[in-house]
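Working notes, beginning with the structure itself.
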Amino acid sequence: MTGSLTIVGLGPGPERWLTQAAQAALDAATDLVGYGPYLDRIPARAGATKHASDNRVELFRASHALSLAASGHKVAVVSGGDPGVFAMAAAVFEALEAGDAVWRTIPITVEPGITAMLAAAAKAGAPLGGDFCAISLSDNLKPWEVVTARLQAVLAADLVICLYNPISKARPWQLGAALELAAQHRAADTPVIFARAVGRPDEALRVLTLTDAIAQAGTADMATLVMIGASATRLIVREDADPWVYTPRSVTKSPCATSQGRT
Ligand code: SAH
């Protein structure tokens with residue numbers, strides 16, 4: 001087997017947030033496979049062929065990448081952020097599990113990247129200082145009832161919640177519904193962060209209360225990461241800048257006590 005496959009995390013946007021290992025994998029590739037806008041972020045290079053595909057064809061893209069690698073190509077599959085977070089790494093392993101046995105001899109490497117919630121947290125302060133979780137609000141790959149059951153569980157557990165894929169044209173109401181659910185467990189003034197296009201020229205970070213976030217849910221888009229604070233998450237107000245948001249590392253009360261009386 002002369003071919004290889006690397007699943008590369010490009011980070012949230014800017015080149016300075018790309019790891020050196022990820023850059024080396026891109027430089028070594030003969031074939032770059034991915035969603036068009038992610039491939040557009042990689043400068044064209046002689047000797048590297050770009051294979052762009054649509055957003056919704058991850059398994060097809062993964063199988064294509066594996067068959068290219070099996071036929072001797074040095075393939076880099078690219079994802080925004082980290083490739084293991086709601087992205088291509090899982091699609092590649094799903095295709096590997098179901099595919100040709102010979103694919104299992106391909107050397108596969110996963111190169112991590114900075115995922116959106118970490119980039120957003122760094123801009124806001126330290127909202128992930130305590131326990132937290134990440135949930136994709138997309139119900140393309142799982143029923144909405146699963147999303148709400150998981151939300152209810154983590155709201156009761158008083159975790160900070162990072163919502164990926166909060167809203168799209170095909171899924172306009174899910175973010176509002178998730179925030180309404182949060183309001184049944186958390187105080188109206190709980191900090192909620194809408195972090196849009198972090199690290200890109202059109203970056204916009206908004207720190208809202210849960211009540212305002214519900215009213216403004218429609219202003220989020222697919223480039224937005226939404227973070228709902230836990231009961232301990234708080235603001236440090238500043239004169240001429242947005243407040244810092246942070247969650248202390250120490251916890252003194254039990255989650256059950258926290259969610260009581262809010263329903
Ligand atoms: N693998 C990616 C996530 C893919 S799911 C990662 O690790 O970041 C796509 C979702 O990620 C978007 O809907 C949005 O919620 C979030 N996202 C990706 N890039 C972002 C950025 N630069 N700023 C804010 N959110 C981002």
| message | Looking only at segment 245-255, filter to residues that are closer than 17 Å to Leu128 by Cβ and surrounded by fewer than 17 Cβ atoms within 10 Å (Cβ to Cβ); which one of those is farthest from the ligand (Cβ to nearest atom)? | response | Ser250
| message | Would you confirm, using the coordinates I've provided, whether Asp242 is in a loop (DSSP other than H, G, I, E, B), within 15 Å of the ligand (Cβ to nearest atom), in contact with a Lys or Arg (Cβ under 9 Å, 6 or more places away or on another chain) and of a type in the set (D, E, K, R)? | response | no
| field | Checklist (1) in contact with a helix residue (DSSP H, G or I) (Cβ under 7 Å, 6 or more places away or on another chain); (2) open to solvent by less than 70 Å² (accessible area, probe 1.4 Å); (3) not hydrophobic (A, V, I, L, M, F, W, C) applied to Lys50, failing item | value | (2)
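Of the residues Val192, Val198, only one is modelled with pLDDT of 95 or more and over 16 Å from the mean Cα position of the chain (by Cα); which?
Testing whether each residue is modelled with pLDDT of 95 or more and over 16 Å from the mean Cα position of the chain (by Cα) leaves just Val192.
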| message | With the structure loaded, tell me whether Ala89 is assigned to a helix (DSSP H, G or I), under 23 Å from Val8 (Cα atoms), open to solvent by less than 20 Å² (accessible area, probe 1.4 Å) and touching a Leu at 6+ places or on another chain (Cβ under 6 Å) or whether it fails that test. | response | no
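Kindly check whether there is at least one residue in segment 65-79 that is of a type in the set (D, E, K, R), modelled with pLDDT of 95 or more and open to solvent by 30 Å² or more (accessible area, probe 1.4 Å).
If we filter segment 65-79 for residues that are of a type in the set (D, E, K, R), which is where we start, we get 74.
Applying the additional criterion that residues be modelled with pLDDT of 95 or more yields 74.
Going one step further and asking which of them are open to solvent by 30 Å² or more (accessible area, probe 1.4 Å), we end up with 74.
Yes: one or more hits.
Is it true that some residue in segment 103-113 is without any contact (Cβ under 8 Å) to a residue 40 or more places away in the chain, assigned to a helix (DSSP H, G or I) and not assigned by TED's automatic domain parsing to the domain that holds Leu210?
Within segment 103-113, the subset without any contact (Cβ under 8 Å) to a residue 40 or more places away in the chain is 103-104.
Of the ones still in play, those that are also assigned to a helix (DSSP H, G or I) are 103-104.
From what is left, the residues that are not assigned by TED's automatic domain parsing to the domain that holds Leu210 are 103-104.
Yes: segment 103-113 contains one or more residues that are without any contact (Cβ under 8 Å) to a residue 40 or more places away in the chain, assigned to a helix (DSSP H, G or I) and not assigned by TED's automatic domain parsing to the domain that holds Leu210.
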| message | Out of everything in segment 1-45 that is of a type in the set (A, V, I, L, M), modelled with pLDDT of 90 or more and assigned to a loop (DSSP other than H, G, I, E, B), what residue ends up being surrounded by the most Cβ atoms within 10 Å (Cβ to Cβ)? | response | Leu10
| Residues of segment 114-138 satisfying the condition of being part of a strand (DSSP E or B) and within 11 Å of the ligand (Cβ to nearest atom) | Ala134, Ile135, Ser136
| note | Among strands (runs of 3 or more DSSP E) entirely inside segment 143-233, those with 1 or more residues being within 13 Å of the ligand (Cβ to nearest atom) and open to solvent by 40 Å² or more (accessible area, probe 1.4 Å) are 191-196, 204-209
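The values are calculated or read from the model by the stated rules, or taken from the named source; none is laboratory data. The structure presented is a predicted model; accordingly, all values stated were derived computationally and were not measured. Positions of Cβ are backbone-derived with ideal geometry, glycine not excepted, and every protein chain shown enters the neighbour counts. SASA here: full protein model, heavy atoms, side chains in, ligands and nucleic acids out. Shrake-Rupley method; radii C 1.70, N 1.55, O 1.52, S 1.80 Å.
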